[in-house]
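Contents: one structure, followed by commentary.
Just so you know, all these numbers are worked out from the coordinates, no wet-lab data involved. The shown structure was predicted, so the numbers you read here are calculated from the model rather than taken from an experiment. Here the Cβ is made from the backbone with ideal geometry for all residues, glycine too, and neighbour counts use every protein chain on show.
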Amino acid sequence: MISVRHPKVITRHRDGRIYAYVTDSGVFGVLEPVAVFQPRPGDEVVESAVRPDLERVVYTTLNGVVCLTRAGDLVWSSNFEPHSDRPHGHRPGCALSSDGRTVWVYRPDAMAGRGGGDQWVVYDADSGAVLVRRELETVGHGAGHHVHPVDGSIYLDIGEGQDGSVILRGTAGASGEAEFVTYPWWDRCLIDLAPDGQQFMTVDHGQADVAFHRHPSGDVLFTLPVEAFGLDPEETFVEWSGGYLTPDLAVVTLGGEGQDEEEWFRHHLIDVRTSALSGEIAVEVTNPYELVPLGDGSWLTDGPDGNPVRWSHAPLPSSPPHPEG
């Protein structure tokens, strides 16, 4: 049996619509949307995911999850009960499994004032039926989903504000049952999964270091504190951003404040095979979170019109990158 390679689709929200982009094509420079979805009237989209065939979108609001066709027809919806009137502090998130069969939704119910703890819910992507409901012992504001590129497991990084960050991993078996693992840290933020699936990258919640872990055990392969970059840990910190530029090369972002309280940040390259520093990469961005590595030697930044811009890795790490035509 030959496995079908699905394109990597990301979304952006603006003007009340959801725009879908394919990021692993041969196109560089400004990306044009390949599909546009119109949410239901009154729905304020928090997070969204589009199926690889571009025919359906799933999105969360503060009080539910919705699945629509490309034509705008409702496939299914599920309300979070009881309804929350709190407009801030809780951002439900969602992700589609790699095979497109399930939708994974994080519900920050504690901060929403629904009583009890948070939930991680797995829905059937076609019918909206709840397949698995995992009660969590977290009080999170929001969470990021990361789909493993090889085995299809789902990582979840729950941000609990000043209380830290919790990382979990879920796997759904063929029988529909799911298994969940909670990693034994409260002080590490998941940044990215390696494109070859062999490891993942975290940053200390206190921003003192970056670490690289073996998948799926979480065993630490190596850690780099701020001092390893030749910088003063009293004045410099590791940003909660960056990721894998390629399977062997990671981007670690360090920042701080100058003498005039002017904020600065720089993107460092790490050879994850040897843990060696491989220079810096100059990227024209307005904040340390704008650069999004794609794992194939390219990355995204924000364009002036709201469309993402895809760039390729320049031959010299210190040289400014330029989009390829």
- Name all residues of the range 223-264 having a backbone nitrogen under 13 Å from the label point set 7 Å from the Cα of Asp271 along its Cα→Cβ direction, giving them as ranges. 248-250
- Query: Arranged by the count of other C-beta atoms within 10 angstrom, fewest first, what order do Thr69, Thr286 take?
  - Reply: Thr286, Thr69
- Given the peptides 252-259, 290-297, arrange them by the average over their residues of other C-beta atoms within 10 Å, most packed first. 290-297, 252-259
- Between beta-carbons, use under 14 Å as the cut-off and find the net charge around Asp126, counting Lys and Arg +1, Asp and Glu -1. -2
- Where GluC sites (Glu not before Pro) fall in DSSP loop in the range 144-248, at most 13 other Cβ within 10 Å: Glu177, Glu234, Glu235
- Determine the gain in length on full extension of the stretch Ala129-Gln162; use 0.36 nm per residue of separation and subtract their C-alpha separation, reporting nm with one decimal. 8.4 nm
- Ignoring the sites themselves, what is the longest stretch of the chain with no trypsin sites (Lys or Arg not before Pro) in a DSSP loop and at most 10 other beta-carbon atoms within 10 Å? 6-272
- Task: Could you work out how far apart the two model spin labels at Lys8 and Asp248 are, taking each label as a point 7 Å from the Cα in the direction of the beta carbon, and quote it in nm?
- Result: 1.8 nm
- Query: What full-extension length gain, to one decimal in nm, is calculated for Glu44 and Leu74 as 0.36 nm per residue of separation minus the Cα-Cα distance?
  - Reply: 9.2 nm
- Query: What are the radius of gyration and Dmax of the chain, computed over its Cα atoms and given in Å?
  - Reply: 19.7, 61
- Query: For labels at Trp264 and Val30 in the simple 7 Å Cα→Cβ model, what's the distance in nm?
  - Reply: 3.2 nm
- Query: In angstroms, what radius of gyration and Dmax does the range 38-186 have, counting Cα atoms only?
  - Reply: 14.6, 44
